[in-house]
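Here is the structure we will look at.
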Amino acid sequence: MADKRTVLILGAGIGGISLATRLRKLLPRAYSIAVVDREADHVFAPSLLWLMTGDRTASQITRSLGALAEHGIELIRGTVERIDPSARTARVDGREIGAEHLVIALGATLAPERIPGLAEAGHNFYSLAGASSLRDALRAMTRGRIVVLIATLPFKCPGAPNEAVMLLEYDCRRRGVRQDVQIDMYTPEPGPMAVAGAQVSKALRQMIEAKGIGYHPEHAVAAVDPARRQIRFANGTETDFALLAYVPPHVAPKVVQEAGLCGETGWVPVDRESMQTRFPGVYALGDVAGIMLTSIGRPLPKAGVLAHNEGEMLAHNIAHEVTGKGTARRFTGEGSCFIETGDGRAGFGSGNFYADPAPAIRLKPPSTWLHWGKIAYEKYWLWSKF
């Protein structure tokens, strides 16, 4: 049963925070906004790549979620144990919480254990701990092969692994060891960021290979042997490594699966314009949501900028429903991302993933200005939300 809380948001990632902070500005203070998260701190995930190369420290890219109180948002620290979408309730550390509007923004669970030997053999640079351990291992490496591995599809931030391999190559050059280090990327994809279209994918692959990096598409990992430092792929090939940096398998959180919210794709199906689930008053946004781009038979990428845009849209719609003020909006599939290439330069991809007959994405070539643009966005996010 709903209580006085108008909105209960499960998850304090980019989507959940964007929704909560915008909604707080749109709703009168008589309405309550609560955000649930088990972590004490928010990590700005796009900056994990800079942490990986030693260009950021953990303290520079994390902020206390307690700062949300300064925006008039209630933070509930705890683990979501059960979700009842029919009743719009969630159990958090034994406490049952109801809401008029329930938003699932719990992201994706990183599951390296799904690939035998993966967690023991390498560094998960999609996590704070993994990016930190990779940084330390990289500093000690002066020769051998670095492998950047994408374990399975889909994964969040489709540009990140491509940025990672180019930043690792740049780091080897600035440390003066590039001539003794081979760098290769293995992925089950047919090409980098294939969802953005053949032209963008081709241009991005050319950027990678121009740096002397080996790019190996359509290589789905089967297992990793930590002792032998060897990766075995489903196509029968193998490769060795001295240092392994990986993107782990992504799955919907167990509590979301147990709530019966997931569809055939393993993610929460939603209306692609409103983020509404099949349950009235229940929404899902960000990485946990599953939206199929039927025109190309691929899912909408899981990306922070899309979660941000979804959160902004949903905030306006909930505020309009509650207060009758303003106008309803729709998520139109617009998104963008910076692509760090090293040497203080970045490219920039942007466009509409909902465009017909295929996503209309453009890729601007790398420049110093775009690199500074990514830095500016990092600073803006951390300043404006915390």
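Selection of the range 290-313 for residues being surrounded by 18 or more Cβ atoms within 10 Å (Cβ to Cβ), free of Cβ contacts under 8 Å to residues at least 40 places away in the same chain and closer than 15 Å to GLY263 by Cβ yields GLY290, ILE291. Within the range 175-188, residues that are in contact (Cβ under 8 Å) with a residue 40 or more places away in the chain sit with their Cβ atoms under 9 Å from residues that are charged (D, E, K, R), at 6+ positions apart or across chains, in these pairs: VAL181/ARG143; VAL181/ARG145; VAL181/GLU169; ASP184/ARG145. ALA129: under 30 Å from VAL165 (Cα atoms) and open to solvent by 50 Å² or more (accessible area, probe 1.4 Å), yes or no? When the stated conditions are applied, ALA129 passes them.
Residues of the range 274-329 that are in a helix (DSSP H, G or I) and β-branched (Val, Ile, Thr): VAL288, VAL305, ILE318, VAL322, THR323.
So, in the range 24-54, exactly how many residues are of a type outside the set (Val, Ile, Thr) and under 16 Å from SER133 (Cβ atoms)? Looking only at that region, the number is 6. Here the condition is being small (Gly, Ala, Ser) and touching a helix residue (DSSP H, G or I) at 6+ places or on another chain (Cβ under 8 Å); of GLY117, GLY107, GLY98, it holds for GLY107 alone. Residues of the range 347-386 that are at pLDDT 95 or above, open to solvent by 70 Å² or more (accessible area, probe 1.4 Å) and closer than 30 Å to GLY297 by Cβ: ARG362, LYS364, PRO365. Of the strands (runs of 3 or more DSSP E) lying entirely inside the range 156-237, those containing at least 1 residues that are in contact with a Lys or Arg (Cβ under 9 Å, 6 or more places away or on another chain) and either of a type in the set (Phe, Trp, Tyr) or open to solvent by 40 Å² or more (accessible area, probe 1.4 Å) (or both) span 181-186, 214-216, 221-225. For TRP381, the stated conditions do not hold, so it cannot be described as touching a strand residue (DSSP E or B) at 6+ places or on another chain (Cβ under 9 Å), outside any strand (DSSP E or B) and not aliphatic (A, V, I, L, M). Within the range 1-17, no residue that is within 17 Å of MET275 (Cα to Cα) and aromatic (Phe, Trp, Tyr) sits with its Cβ atom under 8 Å from a residue that is crowded, with 24+ Cβ neighbours inside 10 Å and modelled with pLDDT of 95 or more at 6+ positions apart or across chains. Among residues of the range 238-266 being without any contact (Cβ under 8 Å) to a residue 60 or more places away in the chain and more than 30 Å from CYS172 (Cα to Cα), the one that is most open to solvent (accessible area, probe 1.4 Å) is GLU264.
Here's the yes/no breakdown for (1) in contact with a Ser or Thr (Cβ under 7 Å, 6 or more places away or on another chain); (2) touching a residue at least 12 places away in the same chain (Cβ under 8 Å); (3) polar (S, T, N, Q):
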{"residue": "HIS316", "(1), (2), (3)": "no, yes, no"}
{"residue": "GLY324", "(1), (2), (3)": "no, no, no"}
{"residue": "ALA328", "(1), (2), (3)": "no, yes, no"}
{"residue": "GLU334", "(1), (2), (3)": "no, yes, no"}
{"residue": "PHE338", "(1), (2), (3)": "no, yes, no"}
{"residue": "GLY351", "(1), (2), (3)": "no, yes, no"}
{"residue": "ASP356", "(1), (2), (3)": "yes, yes, no"}
{"residue": "GLY373", "(1), (2), (3)": "no, yes, no"}
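Pairs meeting the criteria (first residue in the range 109-120 and on the phi > 0 side of the Ramachandran plot, second residue of a type in the set (D, E, K, R) and surrounded by 15 or more Cβ atoms within 10 Å (Cβ to Cβ), beta carbons under 9 Å, at least 6 apart or on different chains) are GLY117/ASP225.
The values are calculated or read from the model by the stated rules, or taken from the named source; none is laboratory data. Being a predicted model, the structure only gives us computed values, none of them experimental. With ideal geometry, Cβ positions are generated from the backbone for all residues, glycine too; neighbour counts draw on all protein chains shown. Areas reflect the complete protein model, heavy atoms only, side chains present, ligands, DNA and RNA absent. Shrake-Rupley method; radii C 1.70, N 1.55, O 1.52, S 1.80 Å.
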